[in-house]
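A.B. asks: Okay, here's the structure, questions in a sec.
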Amino acid sequence: MSRLFITQLKNCTTCAAGQSQLRSAKIRVDELDEEKCVYNHSLIEGDALMDKLEYIYYDVKFEPTPEGGSKNKVISKFHTKDGVELNDDVKEELKARKDRALVIYKAVEAYLVQNPDAYA
């Protein structure tokens, strides 16, 4: 594993651990289509739901780029429990979690760019 990847992963872990108390998550794979490069899944249990969300649905698609690489598009859909409205504090926490997830994506991307044989 490259040093850059390990450093980025440690930075992300430190960031996430320092700002979050997440301990568990249960994910259901809703769709996996290798031909269309689609991976859709739902977070259905765990601390990330904050007792306010029924589940979080992630629509993930990889699209080829003209340079020969790919770009990743993720759409998150938050489904609240009946009668729950998300206040500004919860919205800020969800945004912070998204930002931490981007750090992980960037670390993985940096590793794969440096190590193209890792995914060939």
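A.B. asks: Take D82 and tell me if it is exposed (fewer than 11 other Cβ atoms within 10 Å of the Cβ) and modelled with pLDDT of 90 or more. Explain how you work it out, then say what you get.
C.D. replies: On the way: exposed (fewer than 11 other Cβ atoms within 10 Å of the Cβ): yes; modelled with pLDDT of 90 or more: yes.
For D82, the condition - exposed (fewer than 11 other Cβ atoms within 10 Å of the Cβ) and modelled with pLDDT of 90 or more - is met.
A.B. asks: Take the residues of region 64-79 that are part of a strand (DSSP E or B) and within 20 Å of E35 (Cα to Cα): which is modelled with the lowest pLDDT?
C.D. replies: S70
A.B. asks: Q114 passes all but one of (1) in contact with a strand residue (DSSP E or B) (Cβ under 9 Å, 6 or more places away or on another chain); (2) at pLDDT below 90; (3) among the polar types (S, T, N, Q); which number fails?
C.D. replies: Checking Q114 against (1) in contact with a strand residue (DSSP E or B) (Cβ under 9 Å, 6 or more places away or on another chain); (2) at pLDDT below 90; (3) among the polar types (S, T, N, Q), the one that fails is (1).
The values are calculated or read from the model by the stated rules, or taken from the named source; none is laboratory data. These figures come from a predicted structure and were not determined experimentally. Methodologically, a virtual Cβ is constructed for each residue, glycine included, from the backbone with ideal geometry; neighbour enumeration extends over all protein chains shown.
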